[in-house]
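Here's the structure we're looking at; comments come further down.
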Amino acid sequence: MEQSRKKFLKHFLIGAVSAPVILEACKKKDVISDSSGSGSGSGSGSGSGTCTVSPTETAGPFPTITPSSLVRSDIRDDRTGVALTVKITIKNTNSSCAALAGAIVDIWHCDKDGYYSEYGGTSMQSVNYSGVHFLRGRQTTDANGLVTFTSIFPGWYSGRATHIHVHIYNASGTSLLVTQIAFPEGSSSAVATVNGSGGVAYGYTKGMTGYTYNASDNIFSDDSAGAELATVSGSLSGGYTLTHTINVAA
C-alpha cells in the first residue's frame, strides 16, 4: 500500500497523468504573484518578514470533499495521538500584509498512521475511511487574521514529509490559495520526538526509518526561503502548538 501511494504521488506531482485539468492542478509550484506582479513565490512563513504571496501547492490526492459541511475548530473526531494546536494567521499582500479578517480557512491532514479520512479501499489507501471525516475542518479568521484548530500531530507516509494541507477562500467563498505547511526537522524537533521511542506510547510506531525529509519531499524540496515551514513548540506530554503565517492576495 505504501509503495503504491509513493508511486502515485510521484506520478501525480511530476505530471505522469494524461488529463489536462489534472496536469494543471498538480503543478509543483503554480506561484500566485503579489500585487506588484513579482511572483517570486518566497512567501512569508512563520519566520519570514517578506510580504509576498505564499507558494501554491497541490490539494491532492486527498482534498476535503465537502469542506463547507465541516465548520469546526476541533477536528479530531475519534483520532488519537499527541495533541496539536494549529494556529494559522492569514495576511493580505494587497494591504501591505495586514491581517485578513473574515477569510475562510480549510485544513486537512493524515492521522498518526498516515491515513486520510473520506478516502480508502483502493491501491492508494487500503484502509477504507470513505465514510468518516476526521482531521478536516473549516474556520473563519478573526480580526487578527487568526484561525485555531485542535488536532493531533500528523503521522507520515511513504514519499512525503510531515505536512498539513490548507485551502484559503475570501469571505464570499472565492478561492485565494491552496498551500501546504511543513514541519521543522532535526534530532530535537517535534517530528523526531513524536516518531521516536517516546511517541510509541501515543501510537506512533513507524519511527523515522523510511521517512522522507523536507529536502527530498516533492513539495517542499524547493522551498529555499522556508515560506512553508511552520514554528512548532511544546512537548509530548503537554502537546505541541504549530504557528504559521500564510500570505494571500485578497
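A count restricted to region 203-232 and to residues that are farther than 18 Å from His163 by Cβ and part of a strand (DSSP E or B) stands at 0. Please go through region 177-197 and pick out each residue that is in contact (Cβ under 8 Å) with a residue 24 or more places away in the chain, out of contact with any Leu (no Cβ under 9 Å at 6 or more places or on another chain) and outside any loop (DSSP other than H, G, I, E, B). Passing the criteria: Leu177, Val178, Thr179, Gln180, Val191. Against the conditions (1) farther than 28 Å from Thr52 by Cα; (2) surrounded by fewer than 17 Cβ atoms within 10 Å (Cβ to Cβ); (3) free of Cβ contacts under 8 Å to residues at least 60 places away in the same chain, Tyr129 satisfies every one except (2).
Considering (1) assigned to a strand (DSSP E or B); (2) at positive phi; (3) not hydroxyl-bearing (Ser, Thr, Tyr), the lone condition that Gln139 does not fulfil carries the number (2). Test Gly43 against the criterion of being in a loop (DSSP other than H, G, I, E, B) and either at pLDDT below 95 or over 18 Å from the mean Cα position of the chain (by Cα) (or both), and give yes or no. Taking the combined requirement at face value, the residue satisfies it. Could you look through region 65-85, keep only residues that are of a type in the set (Ser, Thr, Tyr) and part of a loop (DSSP other than H, G, I, E, B), and pick out the one that is surrounded by the fewest Cβ atoms within 10 Å (Cβ to Cβ)? That would be Thr66. Specify which of the listed residues (Ser151, Ser172, Ser158, Ser96) is over 21 Å from Leu242 (Cα atoms), among the small types (Gly, Ala, Ser) and touching an Asp or Glu at 6+ places or on another chain (Cβ under 9 Å). Just a single option satisfies the conditions, and that option is Ser158. From the list Val200, Val132, Val127, the one residue that fits, being modelled with pLDDT of 95 or more and outside any loop (DSSP other than H, G, I, E, B), is Val200.
Look at region 148-159: where a residue is under 13 Å from Tyr204 (Cβ atoms) and a partner is modelled with pLDDT under 95, sitting 6+ places away or on another chain with Cβ atoms under 7 Å, you get Tyr157/Glu2; Tyr157/Arg5. Residues in region 95-124 that are buried (at least 16 other Cβ atoms within 10 Å of the Cβ) and not in a strand (DSSP E or B): 15 in all. Quick check on region 108-119. Is at least one of its residues closer than 22 Å to Asn170 by Cα, at pLDDT 95 or above and not polar (S, T, N, Q)? Scanning region 108-119, I find at least one residue that is closer than 22 Å to Asn170 by Cα, at pLDDT 95 or above and not polar (S, T, N, Q), so the answer is yes. Is it the case, given these coordinates, that Ala230 is in contact with a His (Cβ under 8 Å, 6 or more places away or on another chain) and either buried (at least 18 other Cβ atoms within 10 Å of the Cβ) or at pLDDT below 95 (or both)? Answer is yes for this residue.
The values are calculated or read from the model by the stated rules, or taken from the named source; none is laboratory data. Computed from a prediction, not measured in an experiment: that's the story for all the values here. A quick note on method: Cβ atoms are made from the backbone with ideal geometry, for glycine too, and the neighbour counts reach across all protein chains shown.
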